[in-house]
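> My questions all concern the structure below.
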């Protein structure tokens, strides 16, 4: 997977990085993530469950440290509130987002 991978959710373009992909980029360019920042955008962390590293369980606003699967850089209103949880019976748009993240992560 090329890092970042561009995707769209609810009409908002976003960029996804795997944890290892962003780590590699910041080794060669320590300011890489800072250089991406622009007004009206924010970082989000994609988290996996403690027992399942293959599937995203929620997205939280900001760069978090625990159970990180990857990172999204998107417009600040990419998700409402401070987080978005993927539940087993989530709406179709959320299932598509979860599946897309899993696909991007599987090829990273």
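> Among residues belonging to the stretch 36-74 that are surrounded by fewer than 14 Cβ atoms within 10 Å (Cβ to Cβ) and either in contact with a helix residue (DSSP H, G or I) (Cβ under 8 Å, 6 or more places away or on another chain) or closer than 19 Å to residue 10 by Cβ (or both), point out the one that is modelled with the highest pLDDT.
Step one: of the stretch 36-74, the residues surrounded by fewer than 14 Cβ atoms within 10 Å (Cβ to Cβ) are 37-40, 50-54, 62-63, 65-66.
Adding the requirement that they be either in contact with a helix residue (DSSP H, G or I) (Cβ under 8 Å, 6 or more places away or on another chain) or closer than 19 Å to residue 10 by Cβ (or both) leaves 40, 54.
Working: 40: 88, 54: 75.
Checked the stretch 36-74; the qualifying residue modelled with the highest pLDDT is 40.
> Looking at (1) closer than 21 Å to residue 3 by Cβ; (2) modelled with pLDDT of 80 or more; (3) assigned to a loop (DSSP other than H, G, I, E, B), which is the one condition that is false for residue 77?
Status for residue 77: all satisfied but (1).
> Return the residue satisfying two criteria in turn: it lies in the stretch 80-108 and is loosely packed, with under 11 Cβ neighbours inside 10 Å and part of a helix (DSSP H, G or I), and of such residues it is farthest from the chain's Cα centre (by Cα).
So, considering only residues that are loosely packed, with under 11 Cβ neighbours inside 10 Å and part of a helix (DSSP H, G or I), the one farthest from the chain's Cα centre (by Cα) is 92.
> Only one of these conditions is not met by residue 25: (1) under 17 Å from residue 3 (Cα atoms); (2) part of a strand (DSSP E or B); (3) free of Cβ contacts under 8 Å to residues at least 24 places away in the same chain. Which number is it?
(2)
> Applying the selection to the stretch 2-16, what residues are part of a loop (DSSP other than H, G, I, E, B) and in contact with a helix residue (DSSP H, G or I) (Cβ under 8 Å, 6 or more places away or on another chain)? I'd like the intermediate steps shown before the answer.
Pass one, the stretch 2-16, residues part of a loop (DSSP other than H, G, I, E, B): 2-4, 10-11.
Hits for the stretch 2-16 are 3, 4, 10.
The values are calculated or read from the model by the stated rules, or taken from the named source; none is laboratory data. The model shown is predicted, which means the values in this text are computed figures rather than measured ones. Reconstructed Cβ throughout: ideal geometry from the backbone, glycine too, with neighbour counts over all protein chains shown.
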